[in-house]
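Input: a single structure, listed below in structure tokens.
The values are calculated or read from the model by the stated rules, or taken from the named source; none is laboratory data. Model, not experiment: these values are computed from the prediction. Neighbour counts run over all protein chains shown; Cβ positions are idealised from the backbone, glycine included. Accessible surface is based on the protein model in full, side chains and every heavy atom, while ligands, DNA and RNA are left aside. Shrake-Rupley method; radii C 1.70, N 1.55, O 1.52, S 1.80 Å.
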Amino acid sequence: MGKIKVCSLFSGAGGLDYGFHKDDTYELVFANEFDKNACQTYLTNFENASSYLIEGDIKSFFNKIPKHDLLIGGFPCQAFTLAGKRLGFDDSRGLQFFSCIKVLEQYQPKYFVFENVKGILSHDKGITLERVLGNFVKLNYNCSFKLMKFKNYGVPQTRERVLFFGVRQDININPNIFLPKETEVISDISSIWKILPKLTSKEDAINYSILNHNFHYPEIKAHWIQLLNEGENLHNLTQTEINLRSEQLGLPIKKKPSSVLGYRRLDSNRLPPTMMFGNTCLPIHPTENRSISVREAALIQTFPLSFEFKGPISSQYKQVGNAVPPKISTILANHLKNILT
């Protein structure tokens, strides 16, 4: 049997592709990503990617996809996430799911693996999930899905994601066995904060040879960061507590902001929440008065230290936050190899 040919849609920085790229059992024959900075990151870290990565809207390249055995992709999740407006298929990003359907219909690969947010399970009272599964059935695929808690696979964060596994109906494989068994439960991440040198200013990051160990520090957060102890969230502090701490620190008293998503200081001994992108929602370092760096976020996402992110820092954070942790893709690639070969 030759190599398993893999097509990747909505590839981003390559988190889901990582494990398949590193395993000689597979051959990535096509990858597509709309974001130019993510494409630069992909090209920088994936050998020979220039021969199969195409930048742009997938709708323009349906006829350029080579024949493949396995289709993978994390179709845009912003339309279904609990943190967004949840417009579903009324959102242009939600409609990109049908690009996956178009590729399945046109090329009929043997298998597929799709990833999306937990919110897709409950969106529109379950109607969205029924519609997703119904499209797979219409195209003659048997499908299973599972909400995976990534901490049970060695990823040091409380991230949860839904994975859809599909097998063409003429192939005698039950898609339920595509779900890998849990490997290890991560509960202590204190070592992560010891890997990288301390940053006391933006200038420090420039002097280090560690890739992407730089951080965004919006002035709007500077005041509130000083008020938070390790592991605290501004959301849980009352205005009275805020006033008292401000007085003790000699800071001006300010009214708590209406949106406090990004005002959470991580605990160096507890799992951080899902890494999210956006300048104001970045979590605060456990002990230093700054947002975590791109590199620290990438470590929490299990990207290796050698993986280099390209583009403006806001884009680097976005690429990290949108990615499937490489550890998950490595586990998936290894597990599927044992089944498909």
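Over the heavy atoms of residue 21, what accessible area does a 1.4 Å probe trace out, to the nearest 10 Å²?
Accessible surface of residue 21 is approximately 50 Å².
So, with +1 on the Cβ of K and R and -1 on the Cβ of D and E, and no other charges, what is the size of the charge dipole of segment 259-324 about its Cα centre, to the nearest 20 debye?
Roughly 100 debye, rounded to the nearest 20.
Starting from the residue with the highest accessible area, list 124, 17 in decreasing order, probe 1.4 Å.
Descending order: 124, 17.
Can you work out ³J(HN,Hα) from phi for every residue in segment 251-265, in order, using Karplus 6.51 cos²θ - 1.76 cosθ + 1.60 and θ = phi - 60°, giving whole Hz and x for Gly and Pro?
9, x, 7, 10, 6, 4, x, 5, 9, 10, 4, x, 9, 10, 8
If amide H atoms are built 1.01 Å from N in the plane of the peptide, which residues on other chains or at least 5 residues away come under 5 Å of the amide H of residue 161?
Amide H to amide H, under 5 Å and 5 or more residues apart or across chains, residue 161 pairs with 148, 150.
Going through segment 224-308, which trypsin sites (Lys or Arg not before Pro) have at most 11 other Cβ atoms within 10 Å and a DSSP loop state?
Those satisfying the criteria are 255.
Rank 63, 176, 266 by how far each Cα sits towards the positive end of the charge dipole of the chain (+1 on Lys, Arg Cβ; -1 on Asp, Glu Cβ) and give me just the farthest.
176
Give the ranking of 118, 256, 125, 22 by solvent-accessible surface, highest area first, calculated with a 1.4 Å probe.
In descending accessible area the options line up as 125, 22, 118, 256.
Given the rule -39500 (n - 2.57) for each run of at least 4 DSSP H residues, summed and divided by the residues of the chain, what is its mean residue ellipticity at 222 nm, to the nearest 500 deg cm²/dmol?
So the calculated ellipticity at 222 nm is -8000 deg cm²/dmol.
Hey, how many Å between the Cα centroid of segment 270-336 and the Cα centroid of segment 235-269?
Computed from Cα coordinates, the inter-centre distance equals 25 Å.
Under a Cβ-only charge scheme (Lys and Arg +1, Asp and Glu -1), can you give me the dipole magnitude of segment 17-79 about the Cα centre, in debye to the nearest 20?
It comes to approximately 240 debye.
Long-range amide H contacts for residue 210: which residues qualify at under 5 Å (H placed 1.01 Å from N, peptide plane, sequence gap of 5 or more or a different chain)?
none
With +1 assigned to the C-beta of every Lys and Arg and -1 to the C-beta of every Asp and Glu, and no other charges, what is the dipole magnitude of the chain about the Cα centre in debye, to the nearest 20?
Dipole about the Cα centre, nearest 20: 500 debye.
For residue 224, what accessible surface area do you get with a 1.4 Å probe? Give it in Å², rounded to 10.
Estimated to the nearest 10 Å², residue 224 gives 10 Å².
I'd like to know which of 12, 209, 141 lies farthest towards the positive end of the charge dipole of the chain, counting +1 on Cβ of Lys and Arg and -1 on Cβ of Asp and Glu.
The residue sitting farthest along the positive end of the dipole is 141.
Per residue, how much accessible surface does the chain expose to a 1.4 Å probe? Answer in Å², no decimals.
Per residue, the chain has an accessible area of 46 Å².
Can you give the accessible area of residue 219 in Å² (nearest 10), computed on protein heavy atoms with a 1.4 Å probe?
140 Å²
Which listed residue (289, 114, 53) has the Cα farthest towards the positive end of the charge dipole for the chain, taking +1 on Lys and Arg C-beta and -1 on Asp and Glu C-beta about the Cα centre?
114
Could you compute the FRET efficiency for residue 176 and residue 245, with r as their C-beta to C-beta distance and R0 at 56 Å, rounded to 0.05?
For residue 176 and residue 245, the calculated efficiency is 0.60.
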